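Scroll down for the structure; my scribbles are underneath it.
The values are calculated or read from the model by the stated rules, or taken from the named source; none is laboratory data. Note that this is a predicted model, so its numbers are computed, not measured. Counting neighbours? That spans all protein chains shown, and the Cβs are built from the backbone with ideal geometry, glycine included.
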Amino acid sequence: MTCAPSHEPTEAHPDRLRWNARHQSGALNDAPQPLARAAEAAGIPAGPVLELACGLSGTALFFARQGRQVTAVDISDIALQRLGAAAAGLALETVHADLKGYRPSPGRYALVLASRYWDREVFCRAAGAVAAGGLLAWETFRLAQRELRPSFRAAFCLAAGEPASLLGEEFELLEFGDLDLPGQALRRLIARRRPAEAG
């Protein structure tokens, strides 16, 4: 396991403080997110994995234990420290970053995924980081979440048609639809970047 700072948030960044407080005592989930299982079922080619807004998810550990090189990015350094300790001996790199400033390497990853996080620019950069033949997997709240929690900010919710509407023809949709869980109105996307045409 290695640690690499990238666009590291300031000590007083409100999101860092909020998520550090939550992750200080939260349980480290040893199981992957359902989104990760769905991506695996769709068929992930050989290559590295990038998980954005990883938190204490077991997804990064799940793929690292498969022998993949994994990069896990989050604004909470507490979450990353705990994840890194659990990943001793695995090829898992943690990156402490505000995703709004994070720039993943274009075309590098066999899988890029995020759960319960939304920012259009971050999504578009994530799509650009997917290698030819690789997968983009995203699952987050849609606007119906505000009916369940009126205080939930609209800026954190997918608009109608998103995020599929933000992808170009270079992606093939494998799964796209709404998920209704207790207290959560979600939408899931899994898409494959089409292999480059032989020249």
Inset, instruction - Assess whether residue 95 counts as being in contact with a helix residue (DSSP H, G or I) (Cβ under 7 Å, 6 or more places away or on another chain), in contact (Cβ under 8 Å) with a residue 40 or more places away in the chain and of a type in the set (Val, Ile, Thr). - result: no
Legend entry - Boolean, residue 155 is aliphatic (A, V, I, L, M), within 17 Å of residue 114 (Cα to Cα), without any contact (Cβ under 8 Å) to a residue 60 or more places away in the chain and in contact with a Phe, Trp or Tyr (Cβ under 7 Å, 6 or more places away or on another chain): no
Inset, instruction - State whether one or more residues within the range 83-96 are under 14 Å from the mean Cα position of the chain (by Cα) and within 26 Å of residue 143 (Cα to Cα). - result: no
Inset, instruction - Would you check if there is a residue in the range 88-102 being loosely packed, with under 15 Cβ neighbours inside 10 Å and touching a His at 6+ places or on another chain (Cβ under 9 Å)? - result: yes
Legend entry - Residues of the range 65-87 classified as closer than 22 Å to residue 134 by Cα and surrounded by fewer than 19 Cβ atoms within 10 Å (Cβ to Cβ), total: 4
Inset, instruction - Taking the residues in the range 103-140 that are assigned to a loop (DSSP other than H, G, I, E, B) and at positive phi as candidates, determine which candidate is surrounded by the most Cβ atoms within 10 Å (Cβ to Cβ). - result: 116
Inset, instruction - Assess whether residue 6 counts as being within 13 Å of the chain's Cα centre (by Cα) and at pLDDT below 90. - result: no
Legend entry - Complete set of residues in the range 177-199 that are over 16 Å from the mean Cα position of the chain (by Cα) and over 18 Å from residue 129 (Cβ atoms): 177, 178, 179, 180, 181, 182, 183, 184, 185, 197, 198, 199
Legend entry - Criterion (modelled with pLDDT under 80 and either assigned to a strand (DSSP E or B) or of a type in the set (A, V, I, L, M, F, W, C) (or both)) met by exactly one of 60, 38, 27, 46: 27
